[in-house]
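Colleague: Below is the structure I would like to discuss, written out as structure tokens.
The values are calculated or read from the model by the stated rules, or taken from the named source; none is laboratory data. In this text the structure is predicted, and so the values were computed from the model without any measurement. Quick reminder, even Gly has a Cβ in these numbers, built from the backbone with ideal geometry, and neighbours come from all protein chains shown. The area values use the complete protein model at the heavy-atom level, side chains included, leaving out ligands, DNA and RNA. Shrake-Rupley method; radii C 1.70, N 1.55, O 1.52, S 1.80 Å.
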Amino acid sequence: MSAAGRRAVTSDAAVRANRGWWDGDADAYHAEHGAFLGDADFVWCPERLREADARLLGEVRGRRLLEVGCGGAMCSRWLAGEGARPVAIDLSAGMLRHARAGAARTGVAVPLVQADAQHLPFAAGSFDLAFTAFGAVPFVTDSAAVMREVARVLRPGGRWVFATTHPTRWAFPDDPGPAGLTATMSYFDRSPYVEHGDDGAPSYVEQHRTLGDRVREIVAAGFALVDLIEPEWPAELTAEWGQWSPRRGAILPGTAIYVCQLPG
């Protein structure tokens with residue numbers, strides 16, 4: 001990596017960068033976080049909020065679900081164990097390789113599709129529910145298109161639940177220690193965070209939207225925002241995950257989970 005900072009990048013460049021990044025990082029990511037995420041478990045965020053406890057998706061038995069940006073697809077495998085019929089997509093072939101390995105270890109296979117969340121390869125009204133735990137939404141240039149595409153493939157009354165980094169975190173350095181407690185950047189700067197390789201091409205891109213931006217995207221796609229969950233840091237949790245830490249979690253929200261519903 002030769003440089004990192006906040007700067008404009010085209011949608012095509014962001015797709016290429018993030019596909020390459022997650023293909024290359026998939027092994028290291030699962031080596032570091034695999035035990036936390038489990039082979040067939042559904043953890044929404046580093047604060048360890050589990051779907052088994054929160055039930056943000058509602059009743060899943062017998063229902064067709066779409067996981068957008070599935071990574072290793074452990075959430076979909078957990079849902080299959082709950083009687084759901086999930087389909088899991090991801091941009092990264094490296095992540096889908098880990099999804100296949102997880103299926104082999106558990107004996108729970110779900111259909112896997114390599115696709116860009118901005119262009120879902122499914123017919124309208126194909127699913128009852130859709131969700132993602134930190135997949136796709138923070139990485140695409142046109143997250144409003146993701147909202148529209150999810151709305152398109154859901155049936156009337158369908159629910160869309162997605163977790164992202166809490167927007168307020170973008171004003172603070174990406175540091176789990178004391179330096180991460182002082183705001184140094186404008187919350188209103190929507191410029192993406194971009195890392196560049198030695199060849200000068202973007203190698204990783206992450207996007208920022210304010211809370212208002214996100215709500216407007218949700219509503220414009222036809223959803224009602226039913227709930228906004230800001231998980232608190234558990235007192236007993238001492239482990240760090242990247243920028244997430246007990247020190248920061250005691251003061252700042254780290255995750256936002258948006259619960260959205262189509263008219264039914």
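Colleague: Which semi-axes, in whole Å and largest first, does the equivalent ellipsoid of the range 8-55 have when worked out from the alpha carbon gyration tensor as the square roots of 5 times its eigenvalues? Can you show the working numbers first?
Modeller: Working: eigenvalues 156, 46, 13 Å².
The answer is 28, 15, 8 Å, longest axis first.
Colleague: Taking Cα pairs under 8 Å and at least six residues apart, what relative contact order does the chain come out at, in percent?
Modeller: This gives 22 percent for the chain.
Colleague: In whole Å and largest first, what semi-axes does the C-alpha gyration tensor of the range 202-258 yield when each eigenvalue is scaled by 5 and square-rooted?
Modeller: 26, 17, 8
Colleague: Between Asp27 and Arg7, what length in nm is gained on full extension when 0.36 nm per residue of separation is reduced by their alpha carbon distance?
Modeller: Values: separation 20, 0.36 × 20 = 7.20 nm, distance 2.81 nm.
So the extension gain works out to 4.4 nm.
Colleague: Over the Cα atoms of the range 111-220, Rg to Rh with Kirkwood Rh, two decimal places?
Modeller: 1.02
Colleague: What's the FRET efficiency of Asp198 with Gln114 using the Cβ-Cβ distance as r and R₀ = 25 Å, to the nearest 0.05?
Modeller: 0.40
Colleague: Grab the DSSP H runs of the chain that are 4 residues or longer, score each as -39,500 (n - 2.57), total them, divide by all residues and round the 222 nm result to the nearest 500 deg cm²/dmol.
Modeller: Dividing the helical sum by the residues of the chain leaves -9000 deg cm²/dmol.
Colleague: If you roll a 1.4 angstrom probe over the protein chains with everything in place, what fraction of the accessible area of the chain belongs to carbon and sulfur, to the nearest %?
Modeller: Numbers: 6030 of 11280 Å².
Using a 1.4 Å probe with all protein chains present, the chain comes out at 53 percent carbon and sulfur.
Colleague: Mind giving me the nanometre distance, one decimal, between the label points for Glu82 and Asp175, set 7 Å out from Cα along Cα→Cβ?
Modeller: My value for the distance between the label points is 3.9 nm.
Colleague: Let me ask something additional. Under the 0.36 nm per residue contour assumption, what length would be gained going from the current alpha-carbon distance of Arg190 and Ile251 to full extension?
Modeller: Between Arg190 and Ile251, full extension yields an extra 19.6 nm.
Colleague: In addition: Could you report the range 170-264's accessible area per residue, 1.4 Å probe, as an integer in Å²?
Modeller: Per-residue value: 50 Å².
Colleague: So what's the convex hull volume per residue for the Cα atoms of the range 1-97, in Å³? Don't skip to the answer; put the middle values down first.
Modeller: Working: hull volume 13.2 nm³, N = 97.
So the per-residue Cα hull volume is 136 Å³.
Colleague: Rounded to two decimal places and with Rh computed the Kirkwood way over Cα pairs, what is Rg over Rh for the range 62-168?
Modeller: That ratio is 0.95, to two decimals.
Colleague: Tell me, what is the per residue accessible area of the range 10-157 in Å², probe radius 1.4 Å?
Modeller: I get 39 Å² per residue for this part.
Colleague: Here is a further query. What order do Val219, Val113 take when sorted by accessible area (1.4 Å probe), most exposed first? Intermediate results must be reported in sequence, preceding the final value.
Modeller: On the way: Val219 85, Val113 40 Å².
Highest to lowest solvent-accessible surface, that is Val219, Val113.
Colleague: While we're here: Using only the Cα atoms of the range 110-162, build the gyration tensor, take square roots of its eigenvalues as a ≥ b ≥ c, and label the shape rounded, prolate or oblate: rounded if a/c is under 1.5, else prolate if a/b is larger than b/c, else oblate.
Modeller: Taking the square roots of the gyration eigenvalues as a ≥ b ≥ c, the range 110-162 is rounded.
Colleague: How large is Rg over Rh for the chain, taking Rg from the Cα atoms and Rh as the Kirkwood inverse mean of 1/r across Cα pairs?
Modeller: Values: Rg = 17.6 Å, Rh = 18.7 Å.
Rounded to two decimals, Rg over Rh is 0.94.
Colleague: Note the full-extension length gain between Ala220 and Thr182 as 0.36 nm times their separation in residues minus their Cα-Cα distance, in nm to one decimal.
Modeller: Values: separation 38, 0.36 × 38 = 13.68 nm, distance 3.36 nm.
Residue separation times 0.36 nm, minus the Cα-Cα distance, leaves 10.3 nm.
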